[in-house]
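A.B. asks: My structure is below; once you've seen it, I'll send some questions.
The values are calculated or read from the model by the stated rules, or taken from the named source; none is laboratory data. Because the structure is predicted, anything quoted here is derived from the model rather than measured. Neighbour counts are summed over all protein chains in view; Cβ atoms, including those assigned to glycine, are modelled from backbone coordinates with ideal geometry. Areas reflect the complete protein model, heavy atoms only, side chains present, ligands, DNA and RNA absent. Shrake-Rupley method; radii C 1.70, N 1.55, O 1.52, S 1.80 Å.
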Amino acid sequence: VDISQRRQAEQEVARLSRISILGEFAGAIAHELNQPLAAMLSNSQVGSSMMDEPKPDRTEMKAILDDITADAKRAGGIIHGMRAMFKKEGAVPDEAVDVNEAVKQLLDLLHSEIMARKVKVDLRLGGPLPCVPAGRVELQQVLMNLLLNALDALRGAAVAQPRITLSTALEADRVLISVQDNGPGIPPQVLDRLFEAFTTSKPTGLGLGLAISQSIIKRFGGELCGENHAEGGAVFRIKLPVAG
Ligand SMILES: Nc1ncnc2c1ncn2[C@@H]1O[C@H](COP(=O)(O)OP(=O)(O)OP(=O)(O)O)[C@@H](O)[C@H]1O
Ligand SMILES: [Mg+2]
């Protein structure tokens with residue numbers, strides 16, 4: 001087999017696997033959207049027949065409309081998440097992001113949320129760090145996903161001193177950001193599909209946070225991985241190449 005034939009075969013395989021991934025995705029999205037759409041349909045049918053009654057119960061009507069709103073938001077969230085995941089790879093980051101600044105700014109934003117949940121955040125900023133070519137807002141979105149996941153994990157857990165350790169460091173030619181919590185850890189049934197879309201162990205979770213986060217970090221040429229820590233709890237690490 002000559003090289004060009006082989007390359008052609010490889011391209012064909014790559015093309016077919018892209019198609020099948022897309023097919024699986026379409027199926028998964030359809031499945032996820034079906035649930036809120038079915039709930040909206042049945043709620044609006046109930047609401048409509050209630051309006052045929054001489055004196056419709058306003059409180060119940062309100063509850064029905066609120067349910068429809070919540071389901072519509074959920075469906076919107078799914079679509080929004082898919083969009084974020086399929087964003088063009090061509091959108092090369094042209095910002096030079098100061099990771100420590102971005103982290104501090106995000107923590108300011110989340111301050112009251114963190115206080116309300118009575119979680120201690122241990123901030124260990126290493127440095128000085130070189131800037132990384134990335135998008136500040138998107139990087140903050142990723143960190144926000146990781147922090148919210150950690151807060152969720154700590155909420156249910158019977159941990160005496162709930163704590164999140166957020167640290168940054170320079171490691172060879174990459175900036176490392178890690179988010180560690182002392183919660184119950186990632187459930188075993190979730191571990192091997194952690195970054196797949198719609199993987200969730202939460203009753204109202206979309207299961208998109210980590211899938212979107214990973215696609216963002218990949219777009220910046222970096223890596224996002226997550227695992228359970230030997231000391232208990234989960235740890236997520238972002239590695240971003242520095243420019244040059
Ligand atoms: N810090 C953590 N500790 C324990 N489990 C975690 C942690 N972070 C993520 N997980 C597990 O990984 C799953 C997927 O997380 P992901 O953020 O992708 O989705 P989600 O939080 O369930 O929903 P959402 O789309 O709202 O973010 C979670 O449902 C949870 O089971
Ligand atoms: Mg999440």
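A.B. asks: Please give every one of the aspartates and glutamates within straight-line cross-link reach of LYS62, meaning a C-alpha to C-alpha distance under 20 Å, and leave out same-chain neighbours fewer than 8 residues apart.
C.D. replies: In chain and number order, the partners are ASP52, GLU53, ASP71.
A.B. asks: Sticking with this structure for a sec: Out of GLY135, GLY76, GLY233, any idea which swings most in a Gaussian network model of the chain, alpha carbons joined below 10 Å?
C.D. replies: Of the options given, GLY76 has the highest mean-square fluctuation.
A.B. asks: Among the listed pairs LYS73/LYS104; LYS120/LYS218; LYS73/LYS218; LYS118/LYS239; LYS73/LYS202; LYS104/LYS202, give every one whose C-alpha distance is greater than 26 Å.
C.D. replies: Violating the 26 Å limit, Cα to Cα: LYS73/LYS104; LYS120/LYS218; LYS73/LYS218; LYS118/LYS239; LYS104/LYS202.
A.B. asks: Moving on to the next point. Determine the dipole magnitude for the chain: charges of +1 sit on the beta-carbon of Lys and Arg, -1 on that of Asp and Glu, nothing else is charged, the reference point is the Cα centre, and the result goes in debye to the nearest 20.
C.D. replies: It works out to roughly 200 debye.
A.B. asks: When the chain is fully extended, how far beyond the present Cα-Cα distance does MET144 get from LYS218, taking 0.36 nm per residue of separation?
C.D. replies: Contour length minus Cα-Cα distance gives 25.0 nm.
A.B. asks: Right, here's the next one. Could you check which residue among LYS62, LYS218, LYS118 shows the biggest mean-square fluctuation in a GNM of the chain with a 10 Å Cα cutoff?
C.D. replies: Judging by the Gaussian network model, the answer is LYS62.
A.B. asks: Where Rh denotes the Kirkwood radius from the mean inverse Cα pair distance, what is Rg over Rh for the stretch 103-142?
C.D. replies: Reported Rg/Rh, Kirkwood definition of Rh: 1.03.
A.B. asks: Sticking with this one: From the helices alone, meaning DSSP H stretches of at least four residues, give me the mean residue ellipticity at 222 nm for the chain, per-run term -39500 (n - 2.57), in deg cm²/dmol to the nearest 500.
C.D. replies: Rounded to the nearest 500, it is -18500 deg cm²/dmol.
A.B. asks: Right, something else. Which value, in Å², gives the accessible area per residue of the chain when a 1.4 Å probe is used on the protein heavy atoms?
C.D. replies: In whole numbers, the chain has 61 Å² accessible per residue.
A.B. asks: Would you mind telling me the share, in percent, of accessible area of the chain contributed by carbon and sulfur at probe 1.4 angstrom?
C.D. replies: 55
A.B. asks: Please list the non-local residues whose amide H lies under 5 Å from the amide H of GLU95, H modeled 1.01 Å from N, same-chain partners needing a gap of 5 or more.
C.D. replies: Amide H neighbours of GLU95: ALA134.
A.B. asks: So which residue, out of GLU101, GLU53, GLU138, gets the largest mean-square fluctuation from a GNM of the chain using Cα contacts under 10 Å as springs?
C.D. replies: Taking springs between Cα atoms under 10 Å, the residue moving most is GLU53.
A.B. asks: Dividing the alpha-carbon radius of gyration of the stretch 95-241 by 2.2 N^0.38 Å (N being the number of residues), what value is obtained?
C.D. replies: 0.99
A.B. asks: Mind checking the full-extension length gain between ALA26 and ILE3? Use 0.36 nm per residue of separation minus the Cα-Cα distance, one decimal, nm.
C.D. replies: Between ALA26 and ILE3, full extension yields 4.8 nm more.
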